[in-house]
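**Q** Attaching a single structure in structure tokens format; questions to follow.
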Amino acid sequence: MSAERPLHHRRTVLRAGALTGLGMAGAQWAAPDRATAATAATATARDTPRDTGYLVGRGLADATGEVAEVGMMGYGRFDQQAAGLHTRLRARAFVVVEEASGRRVMLIVADSPMIFESVHRAVLRRLAEAYGDLYTVRNVLITATHTHAGPGGYSHHLLYNTTTFGFHRKTFEAVTDGLFEAARRAHDDLAPSELVLSHGTLTGASVNRSRAAFDRNPKADRDHFPDAVDPLTTLLRVERAGRTVGAVNWFPVHSTSMSGDNRLISADNKGYAAYHWEREVHEVDYLDDGSPAFVSAFAQTNSGDMSPNLDLRPPTTPEDFDRTRANGLRQYEAAASQVDRPGVRLSGPVDSRLVYVDLSDVTVRPEFTGDGRTHRTSKPCIGASMAAGSVEDGPAFPGFQEGENPFWDAVSDSLVYTVSPELAQAQAPKDVFVPIGEVNRLYPWVQERVPVMLVRIGGLYLIGIPGEVTVCAGLRLRRTVAGIVGADLDDVLVAGYANAYFHYLTTPEEYDAQQYEGGSTLFGRWQLPALQQTAADLATALRDGTDVPLGPEPPDLSGKVLSLQPGVVMDAPPAFRSFGDVLVPPRETYRAGERAEAVFAGAHPGNDLHRGRTYLEVQRQEADGAWRTVADDGDWSTRFHWERDGIAASRITVTWDIPQGTAPGAHRIVYHGDAKSLTGTVTPFTGRTPAFLVR
């Protein structure tokens, strides 16, 4: 192979650097001290346990989207426009098939801010085209890690595209292509496997950011979480021939370690945990389209009020990079520590149920309301405290605050609730900022018909909720399902951010505090009881082996999207320069621990997203003269910065934090760009720095 075409070999430099300083930094992990642990993953009392085997498949794919001039999703800030790439966003898929019955479920975990109905529908359509009725809305669970450093603009509901100036088709296609590709690879990877379930506790990695609301809950709820956090860390590992080849971890904490001032696309703390386990420990090559040796997903559960910012203040750059890595390592170590423990080998049925619920119009039966009376949900309303944002992770709009907002309280009492007493019964004491359900009549801003799902894998149950569930709201959902199916409580988990997005879910008591989470519980005080009722119906059907009607499916909105941001018109290099020219070369020599940096005459990254590939490479020259890749834009050690230079020119800055243990020798930085001409033709080009020495 010529020196101009690098070899993508595994990176021994990564592991040496990554294993430096892997201390828990104050976090604590422990195995659960529960007498019920030995029976945690048995079949329910109604079932005759079947010692059947499983086929399990694993898949991994790139789902990054645009990295420049696209609004970032999560903090709701118009000024947070992406300007480069920190780490790529991955989709990780797992398929589990019960050999005896052939029933199967698919779980996809995406490094993504949210899973919107747009994505859910598109991925299911792709699966139907490829596999017929093998994978459907009833057995595919898609969840997001909820990074706040991902690109937005891929929803078909307008509220979530306001900070992105409308719909971004390139990002939408990158996300859906990546999720489908991971699913396809998981299907192709199906092989006899064993599933092992284990639990532990992880402290020092999360804090309750809404303690005033949490403290309103009944003693039975508060006593379950004596520190006001959910410390349960659950691991489902995939074993083949006695070797762990995959793992899914569930732990509740927001992916808000990267601040709202950050402008680089990043997978945040859960993404780093997965990256570290796969690439720095197992040395999986993300550029290899073959079956990876190991796939790890770090999924969300009831993380609605769980913040990674232990000091209850939002991070600032550059500390957010250190905070992201530290929190990700805590989650990784808590998960990896369970691999050496016996756990419980799962057996028994694989099954699932899903129903669409019109949350704007649910009659909630007395056994779920808590006061012995029937209540109703209502059309969605945005509270003033939602506009205020969560100040512990990053505030939103000025002029609003969590809790009481006297002006909007007066508006609600004198206008909104007077006009609609039914709305008052459902929404009070919310200070209504926007009756978004009324706005929905004119144009779809938020989703009202939402999917709720229940998945069973042996003794593990996942409640798919399309939103951000507080720990006590999650506890009530878990208790509801566990009581019906006869499972241990720890074996019933909320899978948050699943299949769609409806904002938050609080308990009625937390709702009354109208903190950020309560103001963001769109369908009112009785939203959680409504979903407990739905979960109970799904659990009963799953237990009894009966079907449930699909319910009122949401409309297809793909023909109504608005795109307001123009695309790239053309690229031009700086005067007297060519694309790929090195404007600022790296120094001649560096030592491990230093940062190498180079600036190139570049082009807009949106011309080609390089999905499944890379914008950059760090290469080392081997004894035979060939250049071999030691890092790319999916690595923690690299950063890819874009900035506009004049009207049509771009400056690309690539940095490489040289890990400890890097092999001495000649290195260089390579940049892969794509320039768009005035006629619309996109032409790839490559720039290379002079060699520099790492001593």
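The values are calculated or read from the model by the stated rules, or taken from the named source; none is laboratory data. Not measured: the values here are computed from a predicted model. Don't worry about glycine lacking a Cβ; one is built from the backbone with ideal geometry, like all the others, and counts go over all protein chains shown.
**Q** Would you check which residues across region 135-157 are within 13 Å of A500 (Cα to Cα) and of a type in the set (A, V, I, L, M, F, W, C) and list them?
**A** Answer for region 135-157, where residues must be within 13 Å of A500 (Cα to Cα) and of a type in the set (A, V, I, L, M, F, W, C): V137, V140, L141, I142, A144.
**Q** Something else now. What's the number of the condition P395 fails, among (1) at pLDDT 95 or above; (2) within 25 Å of S259 (Cα to Cα)?
**A** All conditions pass for P395, except number (1).
**Q** Of the residues in region 643-671, how many are within 15 Å of L693 (Cα to Cα), part of a strand (DSSP E or B) and over 33 Å from the mean Cα position of the chain (by Cα)?
**A** Result for region 643-671: 4.
**Q** Mind counting the residues in region 170-200 that are over 19 Å from the mean Cα position of the chain (by Cα) and among the β-branched types (V, I, T)?
**A** Qualifying residue count, region 170-200: 1.
**Q** If you go through region 538-554 one residue at a time, do you hit one that is more than 30 Å from A473 (Cα to Cα), β-branched (V, I, T) and in contact (Cβ under 8 Å) with a residue 60 or more places away in the chain?
**A** no
**Q** For region 344-384, give me each residue that is touching a Ser or Thr at 6+ places or on another chain (Cβ under 8 Å) and at pLDDT below 95.
**A** Once the filter is applied, which keeps residues that are touching a Ser or Thr at 6+ places or on another chain (Cβ under 8 Å) and at pLDDT below 95, region 344-384 yields I382, G383.
**Q** Return yes or no: is S296 touching a residue at least 40 places away in the same chain (Cβ under 8 Å), closer than 15 Å to R90 by Cβ and among the hydroxyl-bearing types (S, T, Y)?
**A** When the stated conditions are applied, S296 passes them.
**Q** Which residue pairs have Cβ atoms under 6 Å apart, sit 6 or more places apart or on different chains, and have a first residue in region 353-375 that is closer than 10 Å to W526 by Cβ and a second that is surrounded by 19 or more Cβ atoms within 10 Å (Cβ to Cβ) and among the small types (G, A, S)?
**A** If the second residue must be surrounded by 19 or more Cβ atoms within 10 Å (Cβ to Cβ) and among the small types (G, A, S), the pairs left are V362/A530; V364/A530.
**Q** Among helices (runs of 4 or more DSSP H) lying entirely in region 158-237, which contain 2 or more residues that are more than 30 Å from L562 (Cα to Cα) and in contact with a strand residue (DSSP E or B) (Cβ under 6 Å, 6 or more places away or on another chain)?
**A** Qualifying helices (runs of 4 or more DSSP H): 169-188.
**Q** Do any residues in region 90-101 that are without any contact (Cβ under 8 Å) to a residue 60 or more places away in the chain have Cβ atoms under 7 Å from those of residues that are charged (D, E, K, R) and not in a strand (DSSP E or B), where the two are at least six apart or on different chains, and which pairs are they?
**A** A100/R50
**Q** Given the options D556, D571, D547, D537, name the one that is in a helix (DSSP H, G or I) and among the acidic types (D, E).
**A** Checking each option against the conditions leaves just D537.
**Q** Name the single residue that is surrounded by the fewest Cβ atoms within 10 Å (Cβ to Cβ) among those in region 269-292 being in contact with an Asp or Glu (Cβ under 8 Å, 6 or more places away or on another chain) and not hydroxyl-bearing (S, T, Y).
**A** L287
**Q** If the requirement is being of a type outside the set (K, R) and either more than 24 Å from the chain's Cα centre (by Cα) or not assigned by TED's automatic domain parsing to the domain that holds V455 (or both), which of these qualifies: V295, V350? Steps first, answer last, please.
**A** On the way: V295 fails: either more than 24 Å from the chain's Cα centre (by Cα) or not assigned by TED's automatic domain parsing to the domain that holds V455 (or both).
Within the list V295, V350, the selection yields V350.
**Q** Sticking with this structure for a sec: State which residue is surrounded by the most Cβ atoms within 10 Å (Cβ to Cβ) when the search covers only region 610-631 and only residues that are of a type in the set (D, E, K, R) and outside any loop (DSSP other than H, G, I, E, B).
**A** E617
**Q** Only one of (1) under 29 Å from A388 (Cα atoms); (2) among the hydroxyl-bearing types (S, T, Y); (3) buried (at least 22 other Cβ atoms within 10 Å of the Cβ) fails for S198. Which number is that?
**A** So the condition that S198 fails would be (1).
**Q** Scan region 95-111 for residues that are assigned to a strand (DSSP E or B) and surrounded by 24 or more Cβ atoms within 10 Å (Cβ to Cβ) and jot them down. Can you show your working first?
**A** Narrowing region 95-111 to residues assigned to a strand (DSSP E or B): 95-98, 104-110.
Of everything in region 95-111, those that are assigned to a strand (DSSP E or B) and surrounded by 24 or more Cβ atoms within 10 Å (Cβ to Cβ) turn out to be V95, V96, M106, L107, I108, V109, A110.
**Q** Another question, then. For region 491-531: of the residues being among the aliphatic types (A, V, I, L, M) and farther than 20 Å from L454 by Cβ, which is surrounded by the most Cβ atoms within 10 Å (Cβ to Cβ)? Walk me through it before giving the result.
**A** So in region 491-531, the residues among the aliphatic types (A, V, I, L, M) come out as 492-495, 498, 500, 505, 513, 522, 528, 530-531.
Remaining after also requiring farther than 20 Å from L454 by Cβ: 513, 522.
Numbers: A513: 24, L522: 28.
Filtering first and then ranking leaves L522.
**Q** Please find, among D215, D177, the residue that is surrounded by fewer than 23 Cβ atoms within 10 Å (Cβ to Cβ), within 30 Å of V70 (Cα to Cα) and at pLDDT 95 or above.
**A** D177
Table: residues versus (1) closer than 14 Å to V295 by Cβ; (2) buried (at least 24 other Cβ atoms within 10 Å of the Cβ).
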| position | (1), (2) |
| --- | --- |
| G59 | yes, yes |
| V70 | no, yes |
| G84 | no, no |
| R90 | yes, yes |
| A93 | yes, yes |
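**Q** Select from region 40-57 the residues that are surrounded by fewer than 22 Cβ atoms within 10 Å (Cβ to Cβ) and at pLDDT below 90 and list them in ascending order.
**A** T42, A43, T44, A45, R46, D47, T48, P49, R50, D51, T52
**Q** Any chance region 489-512 includes a residue that's of a type in the set (F, W, Y), modelled with pLDDT under 95, within 27 Å of E422 (Cβ to Cβ) and not in a strand (DSSP E or B)? Reasoning before the result, please.
**A** Start the filter on region 489-512 by keeping residues that are of a type in the set (F, W, Y), which leaves 497, 501-502, 504, 511.
In the following step, the residues that additionally are modelled with pLDDT under 95 were identified as none.
Checked region 489-512: no residue is of a type in the set (F, W, Y), modelled with pLDDT under 95, within 27 Å of E422 (Cβ to Cβ) and not in a strand (DSSP E or B).
**Q** Among the residues of region 462-490, what is the count of those that are surrounded by fewer than 24 Cβ atoms within 10 Å (Cβ to Cβ) and among the acidic types (D, E)?
**A** Total satisfying the criteria: 2.
**Q** A further question on this structure: Being touching a helix residue (DSSP H, G or I) at 6+ places or on another chain (Cβ under 9 Å), under 11 Å from G153 (Cα atoms) and among the hydrophobic types (A, V, I, L, M, F, W, C) is the filter here, so list the residues in region 58-74 that pass it.
**A** Answer for region 58-74, where residues must be touching a helix residue (DSSP H, G or I) at 6+ places or on another chain (Cβ under 9 Å), under 11 Å from G153 (Cα atoms) and among the hydrophobic types (A, V, I, L, M, F, W, C): V70, M73.
**Q** Follow-up. Give me the residue from region 495-553 that is at positive phi and of a type in the set (S, T, N, Q) and, out of that set, farthest from the chain's Cα centre (by Cα).
**A** If we take residues in region 495-553 being at positive phi and of a type in the set (S, T, N, Q), then Q514 is farthest from the chain's Cα centre (by Cα).
Here is a yes/no grid of residues against (1) assigned to a helix (DSSP H, G or I); (2) out of contact with any strand residue (DSSP E or B) (no Cβ under 8 Å at 6 or more places or on another chain); (3) crowded, with 22+ Cβ neighbours inside 10 Å:
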site	(1), (2), (3)
N309	no, no, yes
T317	no, yes, no
D322	yes, yes, no
R325	yes, yes, no
R330	yes, no, yes
A334	yes, no, yes
D340	no, yes, no
Y356	no, no, no
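**Q** Scan region 591-606 and tell me whether some residue there is over 22 Å from S637 (Cα atoms), in a loop (DSSP other than H, G, I, E, B), modelled with pLDDT of 95 or more and not acidic (D, E).
**A** yes
**Q** Hey, another quick one. Could you run through region 559-591 and say how many residues are exposed (fewer than 14 other Cβ atoms within 10 Å of the Cβ) and either farther than 30 Å from A663 by Cα or polar (S, T, N, Q) (or both)?
**A** Number of matching residues: 10.
**Q** Going by the conditions given, is V119 touching a Ser or Thr at 6+ places or on another chain (Cβ under 8 Å), in a helix (DSSP H, G or I) and of a type in the set (V, I, T)?
**A** yes
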